[in-house]
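One structure is given here, and the rest of the page talks about it.
Since every read-out is calculated from the coordinates, none of them should be taken as a lab result. No experiment lies behind these values; they were computed from the predicted model shown. Every residue, glycine as well, gets a Cβ built from its backbone with ideal geometry; the counts of neighbours run over all protein chains shown.
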Ligand SMILES: *[C@@H]1O[C@H](CO)[C@@H](O)[C@H](O)[C@H]1NC(C)=O
Ligand SMILES: *[C@@H]1O[C@H](CO)[C@@H](O)[C@H](O)[C@H]1NC(C)=O
């Protein structure tokens, strides 16, 4: 990747900023939090400030325009969707929208809440184990030098409130989120604080404070491991009972921004010891070309996980407790080749049914959602017709609903605009797809964000969290 003078200045400035902040993990509120500006360091930030406007990939951190006035609904649907969304006109604030998913009021807007920043490219979203907070990540928050993690209070599920935001010190480019059993979250950061190779696995407490980033700077073996093979973790899954985590390496974020010689894709996953937060081994999918996603299969007796190799258009199974002939822990085996239309589709994200029988896969630039019956990992059965033209454009995020009756697929992945090479077409719709008794999909209802939010140039919903409040004493959320 060519390092232009402007990019070099950006990197230098960020590294300089980092050397003035403590790299030692600490549980205090992040000193770099909102307001979203690089702290002033005489002699170091001054040249950055004077350079900021002309740098193509660094944007001026202007405050956002608030969402236009709206009327919240007093409806209290049993099933609701939270959608972490960027506005079409990125001068407006990024926001969390709430919609009814009940049959009789489907698609009714309930409310929305702005975050205090714009241009984050809202990315993944998930819910804490206590069901009282959500966190959303920003893919490109670093371009405006603002916070990456946005925390919401959903104590009143129908009236989420923005609570606080944070960022890590060594890493940026927020991606996948897994709730910790004891509260808080693990979140993958695909890049360094400057968006280059060497991301981190970050850990957050229930109040939204950064606990640490892994491998830590003091973890010599971990540092050696990530220097050996590209470490750009995107996918993340946990089997807390078996004391292991898996992360999957996707692409170097800065290599998706112009100028670029091409996107740098990884072929690896890392197997982690959960209790020590250290890397046990690197698992390779040969020529995988970006391992976007990994998820443990619920209930699998071998703790097997599925992983997606994007360039190959293939699904692999990871057996974390099997050993390779060279003695390394964690074996990768091909599960299913999704065929010619699935090769190089930029993104393949997944979700699984709670019983681990079905896996759904979004093939973004193929405009297709595939379904496999994986009850028998030796004989996966494809449930969709690969040649069917489906009524969806650019699917990415997938969520099986808590009652297992629907799949929520969002028709938007990433559009970096002029600054980058990742611009996948989308229909900007929430697709509420019926899951048939055999696990296959039937497209049915949608919520069109382009028209719903026409007053700010449309909207791009990247990720959802689904709540089922049928039993108010025991609210249920998506299982992953
Ligand atoms: C994981 O780390 C813990 C704590 O350091 C250690 O006791 C345990 O043996 C490790 N497990 C594995 C599988 O490496
Ligand atoms: C769409 O879903 C509704 C509500 O479940 C159902 O009544 C209707 O039959 C479905 N339509 C199609 C075409 O599947």
Item to complete: May I ask you to derive the relative contact order of the stretch 161-314, considering only C-alpha pairs under 8 Å and at least 6 residues apart, and to give it as an integer percent?
Response: 17 percent
Worksheet item: What Kirkwood hydrodynamic radius, in Å, does the stretch 103-161 give when the mean of 1/r is taken over all pairs of distinct Cα atoms and then inverted?
Response: 12.8 Å
Response to the item:
Here FRET efficiency (C-beta to C-beta, residue 131 to residue 102, R₀ 25 Å, nearest 0.05) is 0.85
Worksheet item: Taking only C-alpha pairs under 8 Å that are 6+ residues apart, what is the relative contact order of the chain in percent?
Response: 11 percent
Fill in: Whole-angstrom gap from the stretch 433-456 to the stretch 89-142, using each part's C-alpha centre
17 Å
Worksheet entry | Descending Cα extents along the principal axes, the chain, whole Å | 65, 62, 41
Worksheet item: Measuring from a point 7 Å past the Cα of residue 161 along Cα-to-C-beta, which residues in the stretch 94-131 have an amide N at less than 16 Å?
Response: 112-116
Response to the item:
Residues 378, 176, 388 in order from fewest to most other beta-carbon atoms within 10 Å are 378, 388, 176
Practice prompt. Take the Cβ-Cβ distance between residue 322 and residue 73 as r, set R0 to 60 Å, and report the resulting FRET efficiency rounded to the nearest 0.05.
Written response: 0.70
Discussion item. Just to be sure I understand the model, the point goes 7 Å from the Cα along the line to the Cβ. What's the resulting residue 241 to residue 182 distance in nm?
Written reply: 2.0 nm
Worksheet item: In percent, what relative contact order does the stretch 438-480 have, based on Cα pairs under 8 Å that are 6 or more apart in sequence?
Response: 21 percent
Practice prompt. Using Cα centres only, tell me the gap between the stretch 271-313 and the stretch 149-204 in whole Å.
Written response: 20 Å
Worksheet item: What is the packing order of peptides 248-256, 337-345, 181-189, taking the mean over residues of other C-beta atoms within 10 Å and listing the highest first?
Response: 248-256, 181-189, 337-345
